[in-house]
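Each remark here refers to the structure printed beneath this line.
The values are calculated or read from the model by the stated rules, or taken from the named source; none is laboratory data. Just so you know, these numbers come straight off a predicted model, no measurement behind them. Cβ placement follows ideal geometry from the backbone for every residue including glycine, while neighbour counts extend to all protein chains displayed.
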Amino acid sequence: MRNADCTFAYLDYGGRRSLRLQMRYSLSTLLAEVDPGTAILLYTDTPAAYARCPVTVVDISQRLAEMSLDGVYHHRVKPCVLLDALRRVGRGTCALLDSDTFILPGFAQALADKVAGGAAMHRLESINPMPHLVRFETQLPHAGVYRYDPAASVMFNSGIIAMRAQAHEPVLEDAIALIDRLIESGQRFPTIEQLAISEVLRLHGVATAELLPWLFHYCSLSQKRYMNWRLGALPGADEAGELGTVARRPTIGVERIKVRLYHLWRRLNTRPPVVP
């Protein structure tokens, strides 16, 4: 599988150790799947943290306020970063990966096959995901009038968002505009960016494929706590950059029984506070 026409992107800001461990683990599994020399962009407000990683670091420390609307909605940064990445590469496909993902065998070929006919995201979460938006309507820069449609509106999970340069840049511009309109109307639900990207893809008539079997996205709180515990125990976890400098297949299983056993152990080994 050749990856010359595919660029990958990650996003890390805020300086959280847990996110950085997730990032390095995800990156190591990606490096094990793609061809050597595959372009990887890492957008961050702490470039020094990734000085030893095999990525092209993009410093966004001066742009975070604008991308997040001064912190009003942090996930707005994701489509802004992907749009920037598409403009930088100028050709082929760019895939933005969440830090809390890891790559499974066959991902590279599946991604190439899926985006050949449109865009790709992690998985379809629901149809009619936000019924309270039934009367929502707004004007978008490229697609024109957007209306929420209970019979057709969809929301895909954004653990990965893969789009094509030039062809899909107007889609992302509309998605960012839709995020802004939703926020201006008083909406504050945590998956605004997922809904906006999914809906604008639908409005533009772009087919959105799922990458669920080839990508694991541990997005639930229980899975994150389990993974953060496992990642913190890996050799080199406290050494800057070490986990993301080598290619490795996933070594941590996130089976439901393991997550449940961890949380049971955690409850049994956490002393309740003493009430005076």
Query raised in the report: Listed residues Y50, Y43; which is more than 25 Å from E173 (Cβ to Cβ), touching a Leu at 6+ places or on another chain (Cβ under 6 Å), buried (at least 21 other Cβ atoms within 10 Å of the Cβ) and in contact (Cβ under 8 Å) with a residue 40 or more places away in the chain?
Result: Y50
Query raised in the report: Of all residues in segment 152-181, which are of a type in the set (S, T, N, Q) and over 19 Å from S68 (Cα atoms)?
Result: S153, N157, Q166
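Identify all residues within segment 141-159 that are free of Cβ contacts under 8 Å to residues at least 12 places away in the same chain and of a type in the set (G, A, S); write none if there are none.
So in segment 141-159, the residues free of Cβ contacts under 8 Å to residues at least 12 places away in the same chain come out as 144-145, 147, 149.
G144, the sole residue that qualifies.
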Report summary line: Apart from one, (1) outside any loop (DSSP other than H, G, I, E, B); (2) touching a helix residue (DSSP H, G or I) at 6+ places or on another chain (Cβ under 9 Å) all hold for P250; the odd one out is (1)
Report summary line: Out of (1) within 21 Å of T191 (Cα to Cα); (2) modelled with pLDDT of 95 or more, the one L41 does not meet is (1)
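Which of the helices (runs of 4 or more DSSP H) contained wholly in segment 61-128 include at least 1 residues that are under 26 Å from R188 (Cα atoms)? Don't jump to the end; show me each part of the working.
Working: elements: 64-67, 77-89, 107-115.
In segment 61-128, the matching helices (runs of 4 or more DSSP H) lie at 64-67, 77-89.
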Report summary line: Selection from segment 201-224 of residues of a type outside the set (A, V, I, L, M, F, W, C), surrounded by fewer than 18 Cβ atoms within 10 Å (Cβ to Cβ), touching a Leu at 6+ places or on another chain (Cβ under 9 Å) and at pLDDT 95 or above yields E210
Requested in this report: Kindly indicate which of T38, T7, T29 is under 30 Å from D113 (Cβ atoms), in contact (Cβ under 8 Å) with a residue 24 or more places away in the chain and either acidic (D, E) or part of a strand (DSSP E or B) (or both).
Outcome: T7
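Residue-by-condition table, conditions (1) β-branched (V, I, T); (2) loosely packed, with under 14 Cβ neighbours inside 10 Å:
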{"residue": "H75", "(1), (2)": "no, no"}
{"residue": "G90", "(1), (2)": "no, yes"}
{"residue": "L97", "(1), (2)": "no, no"}
{"residue": "L111", "(1), (2)": "no, no"}
{"residue": "G117", "(1), (2)": "no, yes"}
{"residue": "I127", "(1), (2)": "yes, yes"}
Query raised in the report: If you take the residues in segment 22-38 that are touching a Gly at 6+ places or on another chain (Cβ under 9 Å) and of a type in the set (A, V, I, L, M), which one is surrounded by the fewest Cβ atoms within 10 Å (Cβ to Cβ)?
Result: L31
Requested in this report: Among the residues of segment 41-51, count how many are part of a loop (DSSP other than H, G, I, E, B) and either touching a helix residue (DSSP H, G or I) at 6+ places or on another chain (Cβ under 8 Å) or of a type in the set (F, W, Y) (or both).
Outcome: 1
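Yes/no per residue for (1) polar (S, T, N, Q); (2) under 23 Å from M227 (Cα atoms); (3) out of contact with any Leu (no Cβ under 6 Å at 6 or more places or on another chain):
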residue: V58; (1), (2), (3): no, no, no
residue: S68; (1), (2), (3): yes, no, yes
residue: K78; (1), (2), (3): no, yes, yes
residue: D84; (1), (2), (3): no, no, yes
residue: I103; (1), (2), (3): no, yes, no
Report summary line: Considering segment 167-213, residues that are touching a residue at least 24 places away in the same chain (Cβ under 8 Å) and among the acidic types (D, E), and then whichever is nearest to C94 (Cα to Cα), we arrive at E169
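Please go through segment 170-188 and pick out each residue that is acidic (D, E) and either touching a His at 6+ places or on another chain (Cβ under 9 Å) or closer than 14 Å to S198 by Cα (or both). Before you say what the answer is, go through the steps one by one.
First pass over segment 170-188, keeping only residues acidic (D, E): 173-174, 180, 184.
Matches in segment 170-188: E173, D174.
Please specify each residue of segment 148-200 satisfying the condition of being of a type in the set (G, A, S), outside any loop (DSSP other than H, G, I, E, B) and surrounded by fewer than 23 Cβ atoms within 10 Å (Cβ to Cβ).
Residues of segment 148-200 that are of a type in the set (G, A, S), as a first pass: 151-153, 158-159, 162, 165, 167, 175, 177, 185-186, 196, 198.
Filter once more, so that each one left must be outside any loop (DSSP other than H, G, I, E, B): 162, 175, 177, 196, 198.
Result: A177, single match.
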Query raised in the report: Could you count how many residues in segment 208-223 are touching a helix residue (DSSP H, G or I) at 6+ places or on another chain (Cβ under 8 Å) and aliphatic (A, V, I, L, M)?
Result: 3
